[in-house]
Each structure stands twice: as C-alpha cells, then as structure tokens.
Amino acid sequence: MDGTDILARLRERVGDRVLATHEYRGDHTAMVSREGLLPALTLCRDDAALAFDLLVDVTAVDSVPDAVRDYIERNRLYAGADS
C-alpha cells in the first residue's frame, strides 16, 4: 500500500475528522482534528493493511498565525519492512 492509498483509507475510515491531506516529495501528510487524532492513530496501528508499528516523533508547532488554535501537534509514524 503506498502513501496515496494510506491517505485514502484514513479518509474512508476517519471521515470528516481528516481535515486535509497532501503529498510533498514522497512525504504523505494528513491533518486530523483533535477529535479524530485517537481514532486515526489507532487505525494506523491496528489496521493490518497499514501496520504502522512505531510512533517516531511527537512535537508541537507554535507558529500558526490564525486565532482558531494555539499550536499544531505533529505525530510521525513508521511502518516496518513487513508492512
């Protein structure tokens, strides 16, 4: 399963809690609402087709210029060779 398929599956299963997706130079990204974070991360871990087995990084960015939110949390996942 490639990155485009993974993002499609995430949108299909997590629905409108996936706010946006994009790909840049092979890095596939999904922006997920606060309410969708746990379901999205659980899906990435538990779905056999995805099988993300390592949460590599959790960080926050405090450079968001709009007043809707104070920061963005970023989670980077990794799927091993057997995925």
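Any read-out appearing in this document is the output of simple, stated calculations on the displayed coordinates, not a laboratory observation. The model shown is predicted, which means the values in this text are computed figures rather than measured ones.
Helices in the chain, meaning DSSP H runs of at least 4 residues, each add -39500 (n - 2.57). Divided by all residues, the mean residue ellipticity at 222 nm is -8000 deg cm²/dmol. Along its principal axes, the chain has C-alpha extents of 41, 24, 24 angstrom, given from the largest down. Relative to the longest principal axis of the Cα atoms of the chain, the long axis of helix 37-46 lies at roughly 10 degrees. Mind telling me which of Arg13, Arg25, Arg45 comes out most flexible in a GNM of the chain, alpha-carbon contacts under 10 Å? Taking springs between Cα atoms under 10 Å, the residue moving most is Arg25.
Which of Val61, Val14, Val32 moves the most in a Gaussian network model of the chain with Cα springs under 10 Å? Taking springs between Cα atoms under 10 Å, the residue moving most is Val61. Roughly how tilted is helix 3-14, in degrees to the nearest 10 and between 0 and 90, from the longest Cα axis of the chain? Long axis of 3-14 versus the principal axis of the chain: about 70 degrees. Considering only Asp46, Asp16, Asp27, the mean-square fluctuation computed in a Gaussian network model of the chain, springs between alpha carbons under 10 angstrom, is largest for Asp27. Remark on Val32: its backbone amide H falls under 5 Å from those of Leu19, a criterion applied only to residues 5 or more positions apart or on other chains, H modelled at 1.01 Å from N.
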